1. Which pairs break 28 Å Cα to Cα here: LYS157/LYS210; LYS178/LYS341; LYS205/LYS301; LYS98/LYS157; LYS272/LYS367; LYS10/LYS344?
2. Could you list the trypsin sites (Lys or Arg not before Pro) in the range 368-438 that lie in coil according to DSSP, counting only those with at most 14 other Cβ atoms within 10 Å of their Cβ?
3. Would you please name the GluC sites (Glu not before Pro) within the range 111-187 that are DSSP coil residues with at most 15 other C-beta atoms within 10 Å of their C-beta?
4. Considering only DSSP beta bridges where both residues belong to the chain, give the percentage that are antiparallel (nearest 5).
5. What percentage of the solvent-accessible surface of the chain, computed with a 1.4 Å probe over protein heavy atoms, is contributed by carbon and sulfur atoms?
6. Just tell me the longest site-free run in the chain, where the sites are chymotrypsin sites (Phe, Trp or Tyr not before Pro) in a DSSP loop having at most 10 other beta-carbon atoms within 10 Å.
7. Report P(r) for the range 312-432: all Cα-Cα distances, bin width 10 Å, range 0 to the bin holding the largest distance, values in whole percent.
8. How far apart, in nm, are two points set 7 Å out from the Cα along the Cα-to-Cβ line at LYS353 and at ARG251?
Amino acid sequence: MQTIVVEGQKYDNFSMMEINKEETGDNPIQKSSTFTRRKLLLGGAATAAVVLVKSSFGKMVQTAVPENIYIPADPTKIPGPPSGTLGTRSPFENPLKKSSATSSRTPLQDLYGTITPADLHYERNHAGVPAIDPNKYELLIHGMVEKPLVFTLADLKRFPAFSRICFLECSGNFRTGKEEMTPQEICGLTSQSEWTGVLLSTLFKEVGIKPKASWFLAEGSDAAVMTRSIPLKKGLEEGMIVYAQNGEAIRPEQGYPARLFLPGWEGNTSVKWIRRIELSDQPFMTREETSKYTETIKDGKVRQFSFDMDARSIITYPAYPVQVQKGWIEIRGIAWSGRGKIVKVEISTDAGKSWLPARLQGPILDKAHTYFRHLWEWRGGETELLSRAIDETGYTQPTMGQLINARGNDMGGYHLNPITAWRIKRDGTVLFKPENKS
Ligand SMILES: Nc1nc2c(c(=O)[nH]1)N[C@H]1C(S)=C(S)[C@@H](COP(=O)(O)O)O[C@H]1N2
Ligand SMILES: [Mo]
């Protein structure tokens with residue numbers, strides 16, 4: 001056991017591998033009193049993985065060998081299969097989206113970084129995933145423009161391209177109700193990709209926007225014919241028509257062959273399978289702008305066109321259904337804000353009595369998931385772990401109580417970003433602390 005300093009913070013009594021014999025009754029598998037910071041950063045992960053399996057230290061890695069998988073006793077003796085045309089995940093890793101008919105959720109607890117593998121990106125489909133022939137794809141831009149134009153996919157790809165790493169989040173991304181809920185179940189309707197496409201401002205220059213235009217309609221070509229009114233200002237500043245995701249063609253579920261992407265705004269405005277943009281001097285008042293995508297605020301008032309996603313964070317480890325053991329635990333998670341960069345994430349390991357800054361993994365990007373980490377020594381007492389995000393506008397993620405105070409009891413299911421608390425029980429069980437909406 002020794003003292004280590006990680007990015008300016010000092011930790012006494014530090015050893016990740018020391019397992020207390022009296023407490024666990026186990027045979028300590030490894031005692032690493034020389035566990036230096038360098039080892040922690042460079043060699044720690046691999047060593048830890050092995051030990052974690054053997055000591056069942058939490059449920060961080062799968063231990064069971066899947067059936068029907070041939071594993072030679074010594075892989076250095078027998079050549080493996082040849083290289084293939086498509087990579088695969090290790091059969092020992094099986095992260096899955098959790099899906100219903102209309103949406104599927106990213107397994108946030110299975111990820112170690114901020115880019116969501118494309119096949120694990122969340123989905124929200126109002127009328128399924130349409131099959132669109134990229135050779136027949138067309139995007140019409142018309143309305144208050146000098147010269148209405150139709151762009152094929154090839155046309156879109158000829159324009160100067162632009163890439164940006166951003167999160168996408170559904171405004172309905174909050175679930176509560178029971179203690180046995182994973183990060184995926186609570187808020188898995190957010191994912192992050194590197195999006196590539198053409199800036200809307202480039203296309204708008206091509207068609208020539210009339211001076212009076214101030215809004216545009218975005219229309220999708222799925223059976224829902226999803227339509228949203230978007231302020232022209234947002235489109236000109238940050239809007240993109242994206243055709244690629246993490247370097248490859250965008251997936252059908254994400255809008256193949258092209259979608260609108262509006263960084264930081266509620267996912268619903270990023271219309272997938274986009275086929276038409278109509279410029280106007282007023283909003284169009286579509287279905288999603290009346291009954292559905294509005295929130296009740298205080299005194300019977302309703303909030304409409306609440307586009308920005310508020311700052312939020314969630315601890316993804318340790319989280320249900322993990323069981324932890326006494327000793328050092330690296331608390332990990334993601335934080336994000338639709339209004340800019342995350343400047344700080346604070347962690348409480350004493351149910352909100354005191355807060356400490358977590359380490360943020362750079363680069364910290366505008367309107368992007370930001371990974372945070374915080375070392376904590378759990379001595380075995382019952383407690384609650386919380387995280388709260390603070391963005392560059394100074395906004396601090398609220399508690400459910402603060403949300404109710406600000407918006408009233410009857411605030412509906414959209415734009416809910418309360419602090420998530422995980423209860424650590426004496427036996428190391430981690431449970432979600434469900435907060436009642438009203
Ligand atoms: N055409 C179309 N666009 C759409 C939708 C849809 O059903 N049809 N769903 C919206 C909603 S509610 C969200 S949250 C995001 C989800 O994007 P994703 O499925 O790529 O994660 O797309 C939005 N764009
Ligand atoms: Mo959504």
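The values are calculated or read from the model by the stated rules, or taken from the named source; none is laboratory data. Just so it is clear, the structure is predicted and the values come from calculations on it, not from any experiment. A quick note on method: Cβ atoms are made from the backbone with ideal geometry, for glycine too, and the neighbour counts reach across all protein chains shown. Side chains included, ligands, DNA and RNA excluded: accessible areas come from the protein's heavy atoms. Shrake-Rupley method; radii C 1.70, N 1.55, O 1.52, S 1.80 Å.
1. LYS178/LYS341; LYS205/LYS301; LYS98/LYS157
2. Counting only loop positions with at most 14 other Cβ atoms within 10 Å, the trypsin sites (Lys or Arg not before Pro) in the range 368-438 are ARG379, LYS425, ARG426.
3. Within the range 111-187, the qualifying GluC sites (Glu not before Pro) (loop, at most 15 other Cβ atoms within 10 Å) are GLU146, GLU179, GLU180.
4. Antiparallel bridges make up about 95 percent of those DSSP assigns within the chain.
5. 51 percent
6. Answer - 113-438.
7. Result, from short to long distances: 14, 43, 32, 11, 0 percent.
8. 4.4 nm
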